[in-house]
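J.: Below you'll find the structure I mean.
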Amino acid sequence: MKITDAVKGYLLSRKMNCSDKTVEWYRQKLAHFCMVLQQEYEVTMLDEVTVTHLRLFVELMKGTKANANNPHKPTKDDTTVSDLTVKGYVQVIKGFFNWCIKEELITKNPVLKLENPKVGKYVIKTFSSDQVRQMLEACNTHTMIGFRDYTIILLLLDTGIRVSELCSLTLDRVYLEVMNDAFIKVLGKGRKEREVGLSSDVAQYLWKYIHKHRHPRITITRLFLSICSAKILPFMVLSRC
């Protein structure tokens with residue numbers, strides 16, 4: 001069987017438990033993996049892949065220029081991909097070949113002796129108090145969009161949810177009962193639902209946004225809407241931050 005055909009089957013199986021964004025992440029990495037195997041080592045068949053090929057691929061990735069395959073983010077210096085990126089490739093490749101074994105597409109698993117790359121410890125940069133204050137002050141809370149942006153910033157800071165999770169929030173997943181603790185139900189990675197508590201201040205701003213700034217006649221159930229009363233997307237939120 002061709003590696004590319006096996007990849008198609010693997011991606012179909014991932015759709016059952018993963019979001020479209022995660023499946024696309026798998027697809028991009030496996031597509032690059034298949035291309036390298038064919039161009040560098042002339043390997044196209046699944047049972048031809050050995051742990052040596054995988055180790056060579058990992059070493060090749062370590063020396064790859066950052067964003068080399070992304071024309072929208074050209075790298076101006078000689079910066080190589082991060083060790084986290086290399087680790088991501090290894091994780092995807094291991095998942096793929098383990099699935100191939102499970103589906104009995106191959107009899108020998110080449111990833112059994114593939115070492116996980118070492119990854120350094122990174123501290124995620126956060127916004128300073130001044131940066132948060134500047135973002136909030138930039139929102140004109142006298143307008144619908146300004147009040148929406150103000151509420152979005154408060155909600156992200158208060159809960160730590162992902163931007164994609166925020167954009168997918170619907171009205172029926174917001175619970176602002178007076179006699180109980182306020183919370184939202186978030187659909188996260190792997191389509192797993194979880195409850196996230198809200199502080200009283202953020203709950204109050206959410207109530208104001210829903211009942212005073214979000215048009216009541218709009219039939220779209222998404223919580224946060226664009227200026228055209230359509231659902232907002234993650235890139236829209238990020239572009240305003």
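J.: What is the one condition in (1) within 21 Å of the chain's Cα centre (by Cα); (2) over 16 Å from residue 95 (Cβ atoms); (3) surrounded by 12 or more Cβ atoms within 10 Å (Cβ to Cβ) that residue 56 does not satisfy?
T.: Here residue 56 meets the rest and fails (1).
J.: A follow-up question, please. Applying the selection to region 212-224, what residues are within 15 Å of residue 150 (Cβ to Cβ) and either surrounded by 12 or more Cβ atoms within 10 Å (Cβ to Cβ) or of a type in the set (Phe, Trp, Tyr) (or both)?
T.: 213, 214, 223, 224
J.: Let me ask another. Taking the condition over 26 Å from residue 19 (Cβ atoms) and outside the structural domain of residue 19 (by TED's automatic domain parsing), does residue 177 pass?
T.: yes
J.: Here is a further query. Can you confirm whether residue 22 is over 13 Å from residue 97 (Cβ atoms), part of a helix (DSSP H, G or I) and over 27 Å from the mean Cα position of the chain (by Cα)?
T.: no
J.: Check 94, 102 and return the single one that is closer than 15 Å to residue 61 by Cβ and of a type outside the set (Gly, Ala, Ser).
T.: Just one listed residue meets the conditions, 94.
J.: So, in region 177-231, how many residues would count as being modelled with pLDDT of 90 or more and small (Gly, Ala, Ser)?
T.: 5
J.: Given the condition more than 25 Å from residue 19 (Cβ to Cβ), in a helix (DSSP H, G or I) and under 25 Å from the mean Cα position of the chain (by Cα), answer yes or no: does some residue in region 205-221 qualify?
T.: Checked against the condition, which is being more than 25 Å from residue 19 (Cβ to Cβ), in a helix (DSSP H, G or I) and under 25 Å from the mean Cα position of the chain (by Cα), region 205-221 yields no hits at all.
J.: Another question about this same structure. Need a quick list: helices (runs of 4 or more DSSP H) entirely within region 90-185 having at least 2 residues that are without any contact (Cβ under 8 Å) to a residue 40 or more places away in the chain.
T.: Output list reads 129-137, 144-159.
J.: Here's another thing I want to ask about it. Being farther than 30 Å from residue 162 by Cα and of a type in the set (Phe, Trp, Tyr) is the filter here; which residues of region 19-56 pass it?
T.: Listed by number, the list holds a single entry, 41.
J.: Can you tell me how many residues within region 26-51 are outside any helix (DSSP H, G or I) and not aliphatic (A, V, I, L, M)?
T.: 3
The values are calculated or read from the model by the stated rules, or taken from the named source; none is laboratory data. Just so you know, these numbers come straight off a predicted model, no measurement behind them. Because the Cβ atoms are built from the backbone with ideal geometry, glycine has one as well, and the counts that use them run over all protein chains shown.
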